[in-house]
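Some notes on the structure that comes next.
The numbers here are math on the coordinates, done by the rules we state, and not lab data. Note that this is a predicted model, so its numbers are computed, not measured. Here the Cβ positions follow ideal geometry from the backbone for every residue, glycine too, while neighbour counts run over all protein chains shown.
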């Protein structure tokens with residue numbers, strides 16, 4: 001959060017640094033209560049390293065999906081596919097992160113989230129099955145959040 005503060009303000013003086021630090025600490029303390037569910041167990045969060053690897057992988061997937069999406073659209077042979085997929089992940093924060101990652105990837109949109117079931121819409125090459133669209137979501141997004149990084 002502090003890095004975002006500095007990036008958005010882009011001022012390099014003691015006042016900005018101090019205020020950014022105080023806001024970051026205050027928001028961290030304030031939002032820690034949001035991360036408890038009805039049984040008061042804290043949600044399993046990602047380590048900074050896991051999050052960094054996840055974001056780097058997301059950027060790679062966005063780039064690759066953009067190229068694939070352009071090829072499909074320019075080729076003119078595409079279908080609109082809407083399907084439900086069941087995630088293995090139960091943590092609502094991680095499910096939301098996966099749903100947002102799907103929406104950020106060109107050609108796909110998360111239409112609905114119901115527990116760990118996502119309704120996904122994808123612009124795909126004709127003949128593509130839902131299983132073919134689900135596979136990279138499970139391997140590139142969900143496994144990384146579970147710490148099961150494919151090598």
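Observations on the model:
- Between 0 and 90°, nearest 10: helix 48-75 axis offset from the chain longest Cα axis: 30
- A straight chain from residue 10 to residue 103 at 0.36 nm per residue would run longer than the Cα-Cα distance by 30.6 nm.
- The spread of Cα positions in the chain, taken along each principal axis and listed from longest to shortest, comes to 57, 41, 30 Å.
- For the options 48, 106, 130, a Gaussian network treatment of the chain with springs between C-alpha atoms closer than 10 Å singles out 48 as fluctuating the most.
- Calculated FRET efficiency for the pair residue 22/residue 66, C-beta based, R₀ 25 Å, to 0.05: 0.05
- Computed lengthening from residue 56 to residue 2, 0.36 nm per intervening residue step minus Cα-Cα distance: 17.5 nm
- Approximate spin-label separation residue 112-residue 125, in nm, with each point projected 7 Å along Cα-to-Cβ: 3.0
- Helix-only mean residue ellipticity at 222 nm for the chain, each DSSP H run of n ≥ 4 adding -39500 (n - 2.57), per residue, nearest 500: -16000 deg cm²/dmol
- Fewest-first ranking of 13, 91, using other Cβ atoms within 10 Å as the exposure measure: 13, 91
- For segment 61-128 versus segment 1-32, the gap between their alpha-carbon centres in whole angstrom: 34
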